[in-house]
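Step one of this worksheet: look at the structure below.
The values are calculated or read from the model by the stated rules, or taken from the named source; none is laboratory data. Not measured: the values here are computed from a predicted model. Methodologically, a virtual Cβ is constructed for each residue, glycine included, from the backbone with ideal geometry; neighbour enumeration extends over all protein chains shown.
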Amino acid sequence: MGIQINGNTDIISATDGSLTIQGASGNLTGNLTGTATTAQGLTGTPNITVGTIGATSLNASGVVTATSFSGSGANLTGIAATTDVRTNSLVVSGITTVAAGSTAAPSITPTGDTNTGIFFPSADTIAFGEGGSEAVRIDSSGRLGVGAADPGYAIDVASADTTAGIGYALRLRQNATAGAAAIQFTDNPVTTQYGYIACDSSSNLKFATGVVGATIDSSGNFGIGTINPQAKLHVHGGDAYLSFDRGLYFARENGNTEWSNYIKATNSPDGGFSSTTHDNYWVEIGSKGGTHIVLNTDGTKDAVRNTHDHFTVWQKDSDTTNGARLFAVDNRGNVQFGNAGVRIDRLWDDYPSITVQRNATFGSNNAGLAEFRVHGASETHAEWVGGASGADFSVNFRIDGSTYHSSDERHKTNIVNNPYGLDEILQLQPRKFNRLSSDGTIEENQGDILGFIAQEVKEIIPEAVNYYPDEDIPNEIGWCRAYALSDGYILSTLVNAVKEQNAIIEDLKNQIEELKTQVSGLN
């Protein structure tokens, strides 16, 4: 059965339920049902607009517009490579194959943007292009490259962003109202959390393995074992182990990049702090051109080195090679004061003792001076290290016990009798006086003193007086201490005087006895 319209369009319906439309030059609108529908012989650019196609197939030589297509599409034929299939929704249950495409012309693109989309640069590789440039790639090994066409890891991000001079490559955001953006490390499958890196809303960057192990806060303070570091480096709890090739150096903050202080392990010999050879026998704490503290960590070196260097304070004293030892404690607790050349030790038959060494760090040879002086100086710490001192004063030496002087004959030579005696003693004039401080004030705590005047004794018993020409420089009020007196010399002379007086007494006694005898004979 058929219908002819205006002698140009034939609509033919067959007994099998098919519908044929032919010879038309206009549009066809309506619902089609049946087994098959054929539109052919249409001239011009006719459109077939169909609300619902209930037919098994639709054959058309014009443009078919539909709100949706469904089915596998297995029976679609006659669609050339240049033919556009346009639809709001395309559902394909089979395989859709597209060209590989390129960076400049991706194979899958949005309408009107032909250089942005998906393409396939090589086998088993998917890439996403944007504006003619590759943006993301998943390679044949499943590695994701963002901005990286050759990802070397599971996720490889390369960024050209130089905001604030930093190439930001990855941003993590925390969308919840609390918590922190974090990277978590686990096993596979996920059963155990090994640790995480997180940054909270206060700009604190945290590194954790179960508990927070390290934190960099918003001020740049770095804390280990604490979430609230109070300094540029804050270590809390446990021990800190540092291993360096040449030591830990500290630079000044005034823009000078040179180091000023350092801590290092070294085998530096006496004064050789510029040595670059380190065997970890020594630990040194020092400042550039200043003071150095050396700790000897290997007691076996006593046999081949100085036994007083287990703990040593050195001063370079403007010498970049040979330093000066200021203070030392050896492995037995003996203490050495290098500037004075004095030790406190037990080296004399295990007696606690004060030893004056032959050589001092600074000043004259101690063997030439042969003295140990106790005196008082009114100084503050700042004055002691180089400033002006206050008034010097006298110091009494108090001993809870007796004093002994070494007097072994085997320690002496050129032994003769003391030539002084009664005559010299009779010439000495004992005095009573008060001592003055260097500012001219009387030292009240010394009280009244009975003794001698050194200059007066020197005229009678010169050996009893020591004169120090280097100290014979009176101050502005004439105060000076250039003479010293040894009471032992006077005591020795006094013994001679007593012996002389005893001889006189004995002679007088003998004379008296003779006179008694003579008187008795007269009676």
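Does Gly478 meet the test of being touching a residue at least 24 places away in the same chain (Cβ under 8 Å) and either part of a strand (DSSP E or B) or on the phi > 0 side of the Ramachandran plot (or both)?
Working: touching a residue at least 24 places away in the same chain (Cβ under 8 Å): no; either part of a strand (DSSP E or B) or on the phi > 0 side of the Ramachandran plot (or both): yes.
In short, no.
Would you check which residues across segment 313-343 are closer than 20 Å to Gly286 by Cβ, β-branched (Val, Ile, Thr) and either at pLDDT 75 or above or in contact with a Pro (Cβ under 8 Å, 6 or more places away or on another chain) (or both) and list them?
Val313, Val329
Considering (1) modelled with pLDDT of 95 or more; (2) part of a loop (DSSP other than H, G, I, E, B), say which one Val457 fails and leave the rest.
Evaluating Val457 over (1) modelled with pLDDT of 95 or more; (2) part of a loop (DSSP other than H, G, I, E, B) leaves (2) as the failure.
State whether the residues of segment 513-522 include one that is small (Gly, Ala, Ser) and either under 60 Å from the mean Cα position of the chain (by Cα) or modelled with pLDDT of 95 or more (or both).
Of the residues in segment 513-522, the ones small (Gly, Ala, Ser) are 520-521.
Filter once more, keeping what is either under 60 Å from the mean Cα position of the chain (by Cα) or modelled with pLDDT of 95 or more (or both): none.
Within segment 513-522, not a single residue is small (Gly, Ala, Ser) and either under 60 Å from the mean Cα position of the chain (by Cα) or modelled with pLDDT of 95 or more (or both).
Looking at Asn396, is it within 58 Å of the chain's Cα centre (by Cα) and loosely packed, with under 10 Cβ neighbours inside 10 Å?
Details: within 58 Å of the chain's Cα centre (by Cα): yes; loosely packed, with under 10 Cβ neighbours inside 10 Å: yes.
So Asn396 passes the test.
Farther than 28 Å from Thr403 by Cβ and either loosely packed, with under 13 Cβ neighbours inside 10 Å or touching a Cys at 6+ places or on another chain (Cβ under 6 Å) (or both): is that true of Ile477 in this structure?
Spelling it out, Ile477 is indeed farther than 28 Å from Thr403 by Cβ and either loosely packed, with under 13 Cβ neighbours inside 10 Å or touching a Cys at 6+ places or on another chain (Cβ under 6 Å) (or both).
Of the residues in segment 445-465, how many are polar (S, T, N, Q) and in contact (Cβ under 8 Å) with a residue 40 or more places away in the chain?
Step one: of segment 445-465, the residues polar (S, T, N, Q) are 445-446, 455.
Now drop any that are not in contact (Cβ under 8 Å) with a residue 40 or more places away in the chain, which leaves 446.
Total meeting the criteria: 1.
Assuming Lys432 fulfils every condition listed in (1) under 27 Å from Ala377 (Cα atoms); (2) among the charged types (D, E, K, R); (3) under 60 Å from the mean Cα position of the chain (by Cα) apart from one, which condition is it?
(3)
List the residue pairs whose Cβ atoms are under 8 Å apart, where the first residue sits in segment 496-523 and is closer than 30 Å to Asn418 by Cβ and touching a residue at least 12 places away in the same chain (Cβ under 8 Å), the second is loosely packed, with under 10 Cβ neighbours inside 10 Å and of a type in the set (Lys, Arg), and the two are 6 or more positions apart or on different chains.
Filtered contacts from segment 496-523: no entries.
Does segment 135-191 hold any residues that are among the hydroxyl-bearing types (Ser, Thr, Tyr) and at pLDDT 75 or above, and which are they? If you could, list the steps in order and put the result at the bottom.
So in segment 135-191, the residues among the hydroxyl-bearing types (Ser, Thr, Tyr) come out as 140-141, 153, 159, 162-163, 168, 177, 186, 191.
Selection gives Ser140, Ser141, Tyr153, Ser159, Thr186.
For segment 233-246, name all the residues that are closer than 23 Å to Glu284 by Cα, modelled with pLDDT of 80 or more and part of a loop (DSSP other than H, G, I, E, B).
none
Which numbered condition in (1) part of a helix (DSSP H, G or I); (2) of a type outside the set (Val, Ile, Thr); (3) exposed (fewer than 15 other Cβ atoms within 10 Å of the Cβ) is the only one that Lys432 fails?
(1)
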